[in-house]
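Just below is one structure, and these are the notes that go with it.
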Amino acid sequence: MPAFTGFPPGKNPFIPLPDQFFTALLPEIEDVGELKVTLHLFSVLYRKHGVPRCVSDRELLADPLLRRTLRRQGDPRAVEERLHAALELAITRGTLLRVRVRVDSEVVTWYFFNTERSRQAVARLLHGDVSPELLLDLEGPVGSGAGEEHHVALEIERPNIFTLYEQNIGLLPPLLAEELREAAEQYPHEWIEEAFRLALQQNKRRWSYIRAILKRWGTDGKGEQTYG
C-alpha cells in the first residue's frame, strides 16, 4: 500500500463534522465498516442539495469511492454485504434514520442523519403529509429518473433483528452483527419475533437462548410450519 504523501498546499476543501460525533459516537463505534460508512455519509450528505438531505442505497452502492473504502484485505464478504452490515449498525446506534419506499417492483431505502430536521421530514413522510416521490426527485442519476411515471408507496418497516436485539437484550456487539444478519436471512421474521418474545417470557435475555429456539424450530419444525 503506497504511503500517503500529505495534504497539498493552499486551501483544501473540508467536510464539517459535529462535535457530538467526536464526543458521543466515535468513542462507541468499534466496527471499522460502520465508522467508514458514517464518515462517508458526512461527506455525501454535506454535498447534497435539496431538503431533506438523504441518500438512497442505490446511490451508495453505485459510489465507486465508497466501494473502494469498504474493500478490506482478508475479508471474504462482498462490498454490498459489508455496506449493509455497517448501515444496520448505524441504524441500531441511532446515528441514521431510514425510510423504505417501493418504487415499481423495487424497494429502495433512503438514509438520513438523525437530526431534528430529518426526524421532522421522516415523520411527514410516514404520516403522508409529503409524497415519497420527493425522494426520487432528490436521488441522483442512479435512480429511476425524476419526472417519470412510477408507482411509489411507503413500505411499513417492522422491527428488524438488530432493533429487536437492542430493545430486548442491550447494546449490540459489533462482532455479533454478522451472526444476526445471517439468522435474519435464514429464518422467517415471524419466527425471530416469537423467539425473542419467548426468551423475554422466560427471562432469558441472551442471544444464545434465542438462537437455540430458532435452531430447534429449524430442525423439528414450528407447530405446523416446517423450515425451508
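Using a 10 angstrom cutoff on alpha carbons, build the Gaussian network for the chain and name the most mobile of G218, G128, G74. Top of the fluctuation ranking is G74. Using Cα positions and a limit of under 23 Å, work out the lysines in reach of K48, with same-chain residues fewer than 8 apart set aside. Candidates past the 8-residue exclusion: K11, K36.
Taking square-rooted eigenvalues a ≥ b ≥ c of the alpha carbon gyration tensor, is region 82-132 rounded, prolate or oblate, where a/c under 1.5 means rounded and, failing that, a/b exceeding b/c means prolate? Oblate, since a/c reaches 1.5 and b/c is not below a/b.
Among all the lysines, which ones have a C-alpha under 28 Å from K204's C-alpha, if same-chain residues fewer than 8 places away are not counted? K204 reaches K215, K222.
Take every Cα-Cα pair in region 1-91 and report what % of them are more than 15 Å apart. Of all Cα-Cα distances in region 1-91, 67 percent exceed 15 Å. Among A195, A212, A90, determine the one that fluctuates most according to a GNM of the chain built with springs between C-alpha atoms less than 10 Å apart. Looking only at A195, A212, A90, the largest GNM fluctuation is found for A212. For V55, the residues whose amide H sits under 5 Å from its own are Y111, ignoring neighbours fewer than 5 places away on the same chain, with H placed 1.01 Å from N. Taking Cα atoms only, the orientation of helix 189-201 departs from the longest principal axis of the chain by about 70 degrees. Computed on region 1-127, with alpha-carbon pairs under 8 angstrom and 6+ residues apart, the relative contact order is 24 percent. Entry note, the chain: the mean residue ellipticity at 222 nm calculated from DSSP H runs of n ≥ 4, each adding -39500 (n - 2.57), is -14000 deg cm²/dmol after division by the residues and rounding to the nearest 500. Which of L26, L136, L41 moves the most in a Gaussian network model of the chain with Cα springs under 10 Å? It is L26.
The mean sequence distance of close C-alpha pairs (under 8 Å, at least 6 residues apart), as a share of the length of the chain, puts its relative contact order at 16 percent.
Restriction of the trypsin sites (Lys or Arg not before Pro) in region 179-210 to DSSP coil positions whose beta-carbon has at most 15 other beta-carbons within 10 angstrom yields K204, R205, R206.
Taken along the Cα-to-beta-carbon direction at a fixed 7 Å, the label points for L154 and D104 span 2.4 nm. Looking at the calculated P(r) for the chain, what percent of the C-alpha pair distances fall above 33 Å? In whole percent, the share of Cα-Cα pairs in the chain beyond 33 Å is 26. In order along region 109-122, the phi-based Karplus estimate (6.51 cos²θ - 1.76 cosθ + 1.60, θ = phi - 60°) of 3J(HN,Hα) comes to 10, 10, 10, 10, 6, 7, 10, 4, 5, 5, 4, 5, 5, 5 Hz; Gly and Pro are listed as x.
Bear in mind these aren't lab numbers, they're just calculated from the coordinates by the rules spelled out. The shown structure was predicted, so the numbers you read here are calculated from the model rather than taken from an experiment. Don't worry about glycine lacking a Cβ; one is built from the backbone with ideal geometry, like all the others, and counts go over all protein chains shown.
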